[in-house]
Each structure stands twice: as C-alpha cells, then as structure tokens.
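Taking it in order: structure first as structure tokens, then the write-up.
The values are calculated or read from the model by the stated rules, or taken from the named source; none is laboratory data. Everything numeric in this text was worked out from a predicted model, so none of it was measured. Cβ placement follows ideal geometry from the backbone for every residue including glycine, while neighbour counts extend to all protein chains displayed.
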Amino acid sequence: MANHIADNTSHLATVGIIGAGVAGSTIALRLAELGIKTLLIERGDGLVNGPPMCHLHAGGNLYREISDQQCLKLLKQSIETLRIYPHCVNQRPTVIAVPTQDPGDPSDLMPRLHLLRDEYQRIVAADPLNQVLGQPENYFTLYQREDLDRLALCPTPVQPSSNDDWMIPIAKQVDLDKLKFPLVLVQEYGLSSLRIAATASLALAQLECAQVLTNTQVTQVTPNQDGWLIESQGKQGVQQYQVDYLVNACGFRTGSVDDMAKFSRQRMVEFKAAYIARWPEPNAVWPEVIFHGQRGTPKGMAQLTPYCDGHFQLHGMTKDITLFNGGLVHSSTASSQPKLPDALVNKIIHQWPMDVLKQRTEQAVDHVSQFVPSFASAEFGGKPLYGAQQIPGDDADLRAAAVSFEPHHYARAEIVKASSALTAADQILAKLTELDLVSPCDAAPREAQFTTTLGLAPKQITQLAMELAIARQYPPALALPYHAASSRDQAANTSGKPSYSSIHAEKSDLTRVFA
C-alpha cells in the first residue's frame, strides 16, 4: 500500500520531488509555502549537499561566450533569488580583467554591460524591491591604469565602503602590466550554498505540508491513473509513495530518473572542480576577481573568490585545474543519463587521494599567482569543491535553463546555475495550476510568497550552515557571510566548532522533516 502525505491543507494534490539540491529544495519551498503537499526525497544525508557554489551569476559576466539573452535571464533570475534568499548572499563585487595574453579586449565587454545596466534600471523602476545589486547606475564601474596607480598609494581599508575601496587590493597586489584596460568592477555577488542548505532545512522543518526523506534512494517510478508511484529504499526499508505530480530534480543524475520514467532527453554532464587555498598574508578584504582566458587551454580563465579568514576558492579553466579529460559527456540513444568516466564518478562518491588534491590546488595557486604574484604563498586550504552539472540539449555554453515538461504529470528541473532554481519553481507551479492540481494563486510580492523562509533569523541560518560545513568537511569560514567585513573580525568565529545552542530548539523539527 503506497503512503500518502496527510491531507492537512486546502490543496488536494501531492507533488513528489526527487533530488534536494538547490533546485529541488527551492521548488519544495515554493510549493510548501503555499500549503501544497510536498514530498522531497534525497539520496544524500541533507539538503543542497553538492559542492559550495561561489557565484550568483547576476548577468553572467563570467562568461564572454554566452548570449546576451542568457545574460538578461540570469540577471532577472538572480534578482529574484536574492529576494527569497537574502541571507545567503556574500555581498562583494566582482572585478573582471582581460590579460594582455588574451585575444579579447575590454571594449568587447562594454555593449553587454550597458545592456545589463539598462535592464537592471528598468527592473528596479518596475519594483523598487528589486534593487538588490546596489544602485542601478553603479551596476558596473570602469577603472583605467591611472586610476589603479592612484589607488595603489591609498591605505588598505579594513571595511570597504566604496568601489574605490574594493579596488585597492587589486591596485596594490595585481601585476597591472599583465592586464589590458579598463578593468571592470561589476555588482555581481557571491552566493553561499551552505546557507541556502541551512535556510531550506530550517524552513521546510516548519512547514507541516512538507515531508523530507533523506538517505533515501529512489529505485523506480511508475505512472498510473492517479499520477506516479515512487518506490524507494531508505532507513525505513522499502517504501512506496503515491503522488499526483512528479518533479525530477536530480541534477547531473536527472537522466537516470528519465530512464526509469521512460522519457528520452538529450543532455550533457560536465565534471568540474574548484580548490580552497588559505592566504592570510594580505590582510585585505578582497573582491572576487576574474582574469579572462581561453577555456581548456593553459591560459584558461582564472577565478579568485574570497571567503572569511583568508580562505579563497580557486578556478582555473584548464585541464590541469578545474576541467578534466573526459569531463564533458553526452547522453545517448540508449539512455538519457550521460556516463562520466568511472574515475570521475569515484571522485564524486569517494575522497580524492591527498597527493592529487594538493597537486591540483598548487596548480590553481600557480595559475592565479601569474596575475597576483604574492598569492604564490597561499597554501592548501581544505577539501576541494567538486561535482558535476547537467546542461540540457547540446549547447555546452548554455547557462540559463530552468525546467522542461513531459506528458502524464512529469517535469524535470534542468537548471545549470543556482539562480535559475526559482524560475523552475514558478514554471512548475504554473503547470500545476494549468492542470487544476492546485488552486490558482493570487499575485503577491516575492516576500509574501516565502513568509516562513524569510522569517528565519540570519544568525540561526549561519550557525546551521557552519555545522553543515564541518559535517561536510569544509572549512567553516565558507559558511560565514562575507559582507565587506574584515577577515580577521570573522576569524574568531572559525577557530573551532561553533556553538549550536541557539539552534537546539530546531533539532526536533529537523528530526521530523528528515524522517
């Protein structure tokens, strides 16, 4: 006999969601906040347990190769994301630099930056609550060589309070002779998946219509006249659940559920890794810095992402650092699930050999230090951030994707970037309404749609995020907000395990929701 979630809401339909990454968790929050019965099933031991993300992608400025249309979508999606996850943002700008060795030119970036600034102004004019990326007219700022030479003579601020303040570490420590000008400072912020994980965990624990099953593997999904029957294996043994609508939100494993459901879908999966280094020497609060480069070559893009306590996340778009041989794979006519090489799958499932971790981290440090010479003193900082992302279709440059639908009450979340998760949730809700599975919802501001989520205290979220970081073997500094605050001010909070007394009251709720 299949289990049914107790009908304690005004919505009769039950939505089953397989996969509790940022997409599945955001979809669950969107539905459960409305009182829609939601069953969220996750094979791992917690929500949003992939590698910590580093970037909001508010305008897609990291990617020269993607279309303007995708950039505009990412801008809008990022603004909406910040309105429902305001405590998950790391509010520091991003500096974009074009090296002299790169064939591109900073002038190539200008048309897109003007397009994004104008669109941000339009979005804020339509709703002032959308002003979450600073003043629209300051969406980006240009810095010429003479500006940087002037700033290099200024004292390093303890807490940056202006764009110039953020650029002072660049002026003092970046090898400016290796860059073309102008440099671009853009209001594209960081995003903490650890704090999103904490937010989703705490909010779903308070929403009675949500049931979350972790450490539960879905073994089969079968369509029937009432929707879908989900079979699973978990802590309570073999179980069956009847749902009216099924959402496949399995990330890079989405194709495996498509295969179970007998739906064919073309997609790619790409394995990537970023690395953690600790660089306490500069005693400066850094922006994120992107040094553009040709992907897949030894001169691929270098990305330096700051966290608290001198920790930095490093990307190098070369096959010796972030990219891997055989790391981009395609689905086939026989299966919707692309097959990564066993060696890369083993990296996802098991720990990497320490010598490999340190070697790739050292290569990442070297890659960044070609532009920031003093960064050569940075050291191995902990477990790398690695995993695979799905890319629907056959365009490897696709970044702004959300959801696709199949007959018989089935949807698949196909986000590539976390900022697209809320768009996927909205589209699924619209489909449920179209099918008369849920009652039409009155238009409401985002804040009214997520009252439980937004009612959580920032301290409560951060403390649980630190607990999750430690449990997942990441430095707890990665869970802390990076809001123009001195790294040394935050360091005291990461010297040991955090105190969890203030979240003790939520433990029973978490036990309930993670049944």
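Ala457 passes every criterion in (1) without any contact (Cβ under 8 Å) to a residue 12 or more places away in the chain; (2) of a type outside the set (Ser, Thr, Tyr); (3) touching a Pro at 6+ places or on another chain (Cβ under 7 Å) apart from (3). Quick check on this structure: which one of Ala421, Ala411, Ala425, Ala471 is surrounded by fewer than 22 Cβ atoms within 10 Å (Cβ to Cβ) and among the small types (Gly, Ala, Ser)? Exactly one of Ala421, Ala411, Ala425, Ala471 is surrounded by fewer than 22 Cβ atoms within 10 Å (Cβ to Cβ) and among the small types (Gly, Ala, Ser), namely Ala471. Within segment 370-397, residues that are under 30 Å from Pro169 (Cα atoms) sit with their Cβ atoms under 6 Å from residues that are modelled with pLDDT under 95 and surrounded by fewer than 18 Cβ atoms within 10 Å (Cβ to Cβ), at 6+ positions apart or across chains, in these pairs: Ser377/Glu281; Phe380/Lys358; Lys383/Gln473.
Give segment 205-241 a look and list any residue that's crowded, with 16+ Cβ neighbours inside 10 Å and touching an Asp or Glu at 6+ places or on another chain (Cβ under 6 Å), or say none. Hits for segment 205-241 are Ala205, Thr214, Gly227. Answer yes or no as to whether Phe371 is among the aromatic types (Phe, Trp, Tyr), surrounded by fewer than 17 Cβ atoms within 10 Å (Cβ to Cβ) and touching a helix residue (DSSP H, G or I) at 6+ places or on another chain (Cβ under 8 Å). So Phe371 fails the test. Could you tell me which residue of segment 118-156 is surrounded by the fewest Cβ atoms within 10 Å (Cβ to Cβ), considering only residues that are of a type in the set (Asp, Glu) and under 30 Å from the mean Cα position of the chain (by Cα)? Taking the candidates together, the pick is Glu137.
If I filter segment 242-264 for residues that are surrounded by fewer than 23 Cβ atoms within 10 Å (Cβ to Cβ), more than 23 Å from Ala388 (Cβ to Cβ) and either touching a Cys at 6+ places or on another chain (Cβ under 9 Å) or without any contact (Cβ under 8 Å) to a residue 60 or more places away in the chain (or both), do I get at least one hit? Yes, because at least one residue in segment 242-264 is surrounded by fewer than 23 Cβ atoms within 10 Å (Cβ to Cβ), more than 23 Å from Ala388 (Cβ to Cβ) and either touching a Cys at 6+ places or on another chain (Cβ under 9 Å) or without any contact (Cβ under 8 Å) to a residue 60 or more places away in the chain (or both). Counting residues in segment 358-374 that are within 29 Å of Lys299 (Cβ to Cβ), touching a Leu at 6+ places or on another chain (Cβ under 6 Å) and in the same structural domain as Met167 (by TED's automatic domain parsing) gives one or more.
With a requirement of 1 or more residues that are at pLDDT below 95, the strands (runs of 3 or more DSSP E) lying completely within segment 199-302 that satisfy it span 227-234, 237-243, 267-278. Among the conditions (1) within 20 Å of Val22 (Cβ to Cβ); (2) without any contact (Cβ under 8 Å) to a residue 40 or more places away in the chain, the only one that Gln206 does not satisfy is (2).
Picking from Asp102, Asp164, which residue would you name as being crowded, with 16+ Cβ neighbours inside 10 Å and touching a Gly at 6+ places or on another chain (Cβ under 8 Å)? Of the residues listed, the single one that is crowded, with 16+ Cβ neighbours inside 10 Å and touching a Gly at 6+ places or on another chain (Cβ under 8 Å) is Asp102. I'd like the residue in segment 313-360 that is at pLDDT below 90 and polar (S, T, N, Q) and, out of all such residues, is nearest to Thr94 (Cα to Cα). Here the answer is Gln351.
Residues in segment 152-202 that are of a type in the set (Ser, Thr, Tyr) and either touching a helix residue (DSSP H, G or I) at 6+ places or on another chain (Cβ under 7 Å) or on the phi > 0 side of the Ramachandran plot (or both): 5 in all. Filtered by the rule that a residue be surrounded by fewer than 21 Cβ atoms within 10 Å (Cβ to Cβ) and modelled with pLDDT under 95, segment 394-406 gives Asp394, Asp395, Ala396, Asp397, Leu398. For segment 386-431, the set of residues classified as part of a strand (DSSP E or B), among the aliphatic types (A, V, I, L, M) and closer than 23 Å to Ala32 by Cα consists of Val403, Ala411, Ala413, listed by residue number.
Scanning segment 409-437 for residues that are more than 24 Å from the chain's Cα centre (by Cα) and either at pLDDT below 95 or not β-branched (Val, Ile, Thr) (or both) gives His409, Tyr410, Lys431, Leu432, Glu434, Leu435, Asp436, Leu437. The residues of segment 312-325 that are surrounded by fewer than 19 Cβ atoms within 10 Å (Cβ to Cβ) and either without any contact (Cβ under 8 Å) to a residue 40 or more places away in the chain or of a type in the set (Val, Ile, Thr) (or both), listed by number, are Lys319, Asn325.
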